[in-house]
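Peer 1: Sharing a structure with you now.
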Amino acid sequence: MKRTHLLPQLLPQLLLTAALAAPLAAHAHDFPTSGRVEYVLECMQKHDSKYEYLYKCSCVIDEIAKAMPYDDYVEMSTALRNQTLAGERGALFRDPVPVKQMANKYKEVQASAHKACRVPQR
């Protein structure tokens, strides 16, 4: 059998595979590489910079990217991160109910991602 005859036979299978995979790719939001790298480096630092967390923390940010668009991630993670600021600047992140809700939602998404990727939260 010649190899040139395999392509016409495999083409329908390849097209079906691509069609089935397309909706899966659409579920993941497009995060910029720099945003993913920042998250992974910060996550690794929280886990004593152990190399094994390169993959685990990458998994976490991939899970977060599946759950929300990048702009929402930036807003929600900023709301959570800045709740510990002292004074008036911190009050902007601690007091308004919508900001608290954003921070809480991000905590839930992040906790779920940590669980899925077997990363202990710190």
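Every read-out reported here was derived from the displayed coordinates using simple, explicitly stated rules and does not represent laboratory data. On a predicted model such as this, the values are computed, not experimentally measured, just so you know. We place every Cβ from the backbone using ideal geometry, glycine too, and count neighbours over all the protein chains shown.
Peer 1: How about the stretch 43-63: which of its residues are assigned to a helix (DSSP H, G or I) and in contact with a Phe, Trp or Tyr (Cβ under 6 Å, 6 or more places away or on another chain)? Don't jump to the end; show me each part of the working.
Peer 2: Start the filter on the stretch 43-63 by keeping residues that are assigned to a helix (DSSP H, G or I), which leaves 43-46, 52-63.
MET44, ILE61 - these are the residues of the stretch 43-63 that are assigned to a helix (DSSP H, G or I) and in contact with a Phe, Trp or Tyr (Cβ under 6 Å, 6 or more places away or on another chain).
Peer 1: Which residues, taken from the stretch 64-76, are crowded, with 17+ Cβ neighbours inside 10 Å, part of a helix (DSSP H, G or I) and hydrophobic (A, V, I, L, M, F, W, C)? Give the steps one after another, and end with the answer.
Peer 2: The first filter runs over the stretch 64-76 and keeps only residues crowded, with 17+ Cβ neighbours inside 10 Å, leaving 64-65, 67-68, 73, 76.
Cutting the leftovers down to part of a helix (DSSP H, G or I) gives us 64-65, 67, 73, 76.
Hits for the stretch 64-76 are ILE64, ALA65, ALA67, MET76.
Peer 1: Determine if the stretch 77-91 includes at least one residue that is in contact with a Gly (Cβ under 8 Å, 6 or more places away or on another chain), surrounded by 13 or more Cβ atoms within 10 Å (Cβ to Cβ) and either touching a residue at least 12 places away in the same chain (Cβ under 8 Å) or on the phi < 0 side of the Ramachandran plot (or both). Can you show your working first?
Peer 2: Residues of the stretch 77-91 that are in contact with a Gly (Cβ under 8 Å, 6 or more places away or on another chain), as a first pass: 82-84.
This time we only want the ones that are surrounded by 13 or more Cβ atoms within 10 Å (Cβ to Cβ), so: 82-83.
Filter once more, so that each one left must be either touching a residue at least 12 places away in the same chain (Cβ under 8 Å) or on the phi < 0 side of the Ramachandran plot (or both): 82-83.
Taking every residue of the stretch 77-91 in turn, at least one turns out to be in contact with a Gly (Cβ under 8 Å, 6 or more places away or on another chain), surrounded by 13 or more Cβ atoms within 10 Å (Cβ to Cβ) and either touching a residue at least 12 places away in the same chain (Cβ under 8 Å) or on the phi < 0 side of the Ramachandran plot (or both).
Peer 1: For the stretch 50-66, indicate whether the set of residues that are in contact (Cβ under 8 Å) with a residue 24 or more places away in the chain and basic (Lys, Arg) is non-empty.
Peer 2: Going through the stretch 50-66, the residues in contact (Cβ under 8 Å) with a residue 24 or more places away in the chain turn out to be 53, 56-57, 59-66.
Cutting the leftovers down to basic (Lys, Arg) gives us 56, 66.
Within the stretch 50-66, one or more residues are in contact (Cβ under 8 Å) with a residue 24 or more places away in the chain and basic (Lys, Arg).
Peer 1: Looking at ALA79, ALA111, which is the one that is in a helix (DSSP H, G or I), of a type in the set (A, V, I, L, M) and within 13 Å of the chain's Cα centre (by Cα)?
Peer 2: Numbers: ALA79 fails: within 13 Å of the chain's Cα centre (by Cα).
Within the list ALA79, ALA111, the selection yields ALA111.
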